[in-house]
1. How many partner chain Cβ atoms sit within 10 Å of a residue's Cβ in peptide A:19-30, on average, as a whole number?
2. If you take each beta carbon of peptide A:55-65 and count the beta carbons of other chains within 10 angstrom, what is the mean?
3. How high is the relative contact order of the range B:55-107, in percent, with contacts defined as C-alpha pairs under 8 Å that are six or more residues apart?
4. Please check: in the Gaussian network model of chain A (C-alpha springs, under 10 Å), which one of A:97, A:40, A:26 has the largest mean-square fluctuation.
5. If each residue of separation counts as 0.36 nm, what is the full-extension length gain between residue A:99 and residue A:72 once their alpha-carbon separation is subtracted?
6. Ignoring everything except DSSP H segments at least 4 long, calculate the 222 nm mean residue ellipticity for chain A; use -39,500 (n - 2.57) per segment, divide by total residues, nearest 500.
7. Using all C-alpha to C-alpha distances in the range A:51-102, build P(r) with 10 Å bins and read off the rounded percent in each one.
8. So how strong a dipole does chain A carry about its Cα centre when Lys and Arg Cβ are +1 and Asp and Glu Cβ are -1, to the nearest 20 debye?
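The values are calculated or read from the model by the stated rules, or taken from the named source; none is laboratory data. Predicted model, so just to flag it, every value in this text is computed and none were measured. Reconstructed Cβ throughout: ideal geometry from the backbone, glycine too, with neighbour counts over all protein chains shown. Note: accessible area is taken over every heavy atom of the protein model, side chains too, but ligands, DNA and RNA are not part of it. Shrake-Rupley method; radii C 1.70, N 1.55, O 1.52, S 1.80 Å.
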There are 2 protein chains.
Amino acid sequence: MPSPQLLEEFSQFFRLLSEPARLQLLCQLKHSGSMDVAGLIEATGFSQSHISRQLGQLQRAGLVSCERDGVRTIWSADNDLVDDLCALVQNRLRQRLEAQLQSLAAG
Amino acid sequence: MPSPQLLEEFSQFFRLLSEPARLQLLCQLKHSGSMDVAGLIEATGFSQSHISRQLGQLQRAGLVSCERDGVRTIWSADNDLVDDLCALVQNRLRQRLEAQLQSLAAG
DNA sequence: CGTCGTTATGCGCATACACTCATAAAAGCT
DNA sequence: AGCTTTTATGAGTGTATGCGCATAACGACG
């Protein structure tokens with residue numbers, strides 16, 4: 001049984017992934033390798049200020065990192081954790097739907 | 001690159017885990033095997049109505065299930081997904097702290 | 001130094017939701 | 001049927017935060 005502090009940290013982490021905007025940024029960066037903010041605006045349709053804030057949160061959590069290229073900032077996803085988590089969840093969603101399908105066919 | 005719909009589902013799922021109360025309920029059930037609501041009130045300190053609602057959400061997501069024992073309802077955690085997710089996150093947190101420690105020692 | 005282009009931040013709005021209290025619904029007992 | 005115990009739900013409150021607008025800070029270049 002995890003300690004309350006650990007539970008708090010877990011939930012804080014999951015909260016980062018609980019927003020489609022942030023998850024989209026993460027997946028986009030993972031998919032494209034690295035992008036500048038202009039590209040992320042283009043890809044997601046969010047405002048510059050919003051993207052900047054969300055990237056800041058993800059950076060503090062160590063999920064993305066940036067390097068400056070002159071005046072621009074190039075962002076990239078830092079690790080495979082999010083992909084792994086999403087894969088597990090996707091698997092679970094698939095299992096659920098398959099079970100529903102099965103019970104529908106059987107019933 | 002996951003579709004927007006899939007990203008939405010992922011984030012909805014992670015949102016379930018983004019609240020310490022729900023995560024605590026899940027871990028408690030996993031730890032104790034199965035419990036009634038009175039036990040969960042005792043263990044978590046939340047109000048009965050709140051616990052009932054959170055269990056409802058977790059049940060709709062297929063993370064917990066219940067069986068009635070007379071007037072009481074016995075709840076139990078349904079699968080290992082949450083444990084696996086938490087283990088991955090914990091691993092990542094540990095790595096982060098180790099890296100910070102290292103850089104502190106080196107700097 | 002002033003201007004331009006890019007990113008960060010103060011502010012405000014709207015919404016979502018965690019949480020509780022009060023109450024209804026359900027199930028067992030006499 | 002009435003009473004008790006347990007769970008579910010309607011209603012309200014307070015807080016957190018997603019999101020954009022405007023603007024400030026920062027870096028490059030003339």
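1. 3
2. If you average over the peptide's residues, the count of other-chain Cβ atoms is 1.
3. 20
4. A:97
5. 4.9 nm
6. Mean residue ellipticity, 222 nm, calculated: -22500 deg cm²/dmol.
7. Bin by bin from 0 Å, the calculated values are 22, 32, 22, 16, 7, 1.
8. Roughly 240 debye, rounded to the nearest 20.
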